[in-house]
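These notes are about the structure you will find just below.
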Amino acid sequence: MKILVHLSDLHFGRVDEALLAPLVETVRGAAPDLVVVSGDLTQRARAWQFREAREFLDALPSPQIVVPGNHDVPLYNVFARFFQPLDNYKEHITRDLEPFYADAEIAVLGVNTARSLTIKDGRINERQVARIREHMCAYADHVTKVVVTHHPFDLPEGGKESDLVGRARRAMEALARCGADVLLAGHLHLSHTGHTAKRYNTKGHSALVVQAGTATSTRGRGEPNSFNLVRVQHPHIQVERLSWSADAGAFKPASSETFRHTPDGWTRLPDEVAAGITFAADTTGLQPSIPRAE
Ligand SMILES: [Fe+2]
Ligand SMILES: [Fe+2]
């Protein structure tokens, strides 16, 4: 069993300071195998905001897979926007814009969907899709394949199509052939779990789309700050959302959904069935099919 902590939309420069210490404490307490941050680390891509984000990341467990969001590209400095769009991000967060992690149970690839030409929309290009396939296709089915982007591949009910990652349909077709199992994203500041079967109807395959809300931003779109704990134990995945409780001054479990991977894609298990599944740390004797990338 592997535990991923999925944080998104930190927005340093506009964070609720009261949440930071409890968030770090809760994430550490979860003892994750991997921490994922799906973009928008800052509010306006300023160096001081990235420095604060860096300090926050340093307080969290490693390894980490971090991707940039549209807010991590400068908005008003037009020169920087087009010629050095991710310079501050690269200096303070990571130079690796396509981070990859793999072990015996999970393979996780980050993809940068932030672009200079659009203010907030994202894109995935052919080269990036080819790279995902290159990384993921080699893994056997028992390894859960996770792709991390800032912009989502699917939306909650009533969501705006323009928020989807651009060229998503073509990307999904290519990813389906390699069996991308889970797509982690942010951007909407709303949590949501669904699967791509309805939207993309890719034969015999659907990916689980897990959307994290904003962990620390003061712009919560009516939802309390939250993040996800994703437990992976093939063929099951449990997505637990922890939400900020101002009364308790702590992040508390708010919802939990468990899914089973079947030949036709993911099925959400009824709560009584899910309750019978134990996610335990020592269930695998599987060996990695590819050595872990450093
Ligand atoms: Fe955001
Ligand atoms: Fe965003």
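The values are calculated or read from the model by the stated rules, or taken from the named source; none is laboratory data. The shown structure was predicted, so the numbers you read here are calculated from the model rather than taken from an experiment. Every residue, glycine among them, receives a Cβ derived from its backbone with ideal geometry; neighbour counts consider all protein chains shown. We work out accessible area using only protein heavy atoms, side chains counted, and drop any ligands, DNA or RNA first. Shrake-Rupley method; radii C 1.70, N 1.55, O 1.52, S 1.80 Å.
Numbers below:
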item: Among residues of the stretch 1-41, those that are away from ligand 2 (no atom under 16 Å from the Cβ), part of a loop (DSSP other than H, G, I, E, B) and open to solvent by less than 10 Å² (accessible area, probe 1.4 Å), counted; result: 0
item: Hey, residue 180 in a loop (DSSP other than H, G, I, E, B), out of contact with any Pro (no Cβ under 9 Å at 6 or more places or on another chain), at pLDDT 95 or above and open to solvent by less than 40 Å² (accessible area, probe 1.4 Å) or not; result: no
item: Positions within the stretch 208-223 being assigned to a loop (DSSP other than H, G, I, E, B), within 13 Å of ligand 1 (Cβ to nearest atom) and over 11 Å from the mean Cα position of the chain (by Cα), in sequence order; result: 214, 215, 216, 218, 219, 220, 221, 223
item: Condition met for residue 95 (open to solvent by 50 Å² or more (accessible area, probe 1.4 Å), charged (D, E, K, R), outside any helix (DSSP H, G or I) and within 14 Å of ligand 1 (Cβ to nearest atom)); result: no
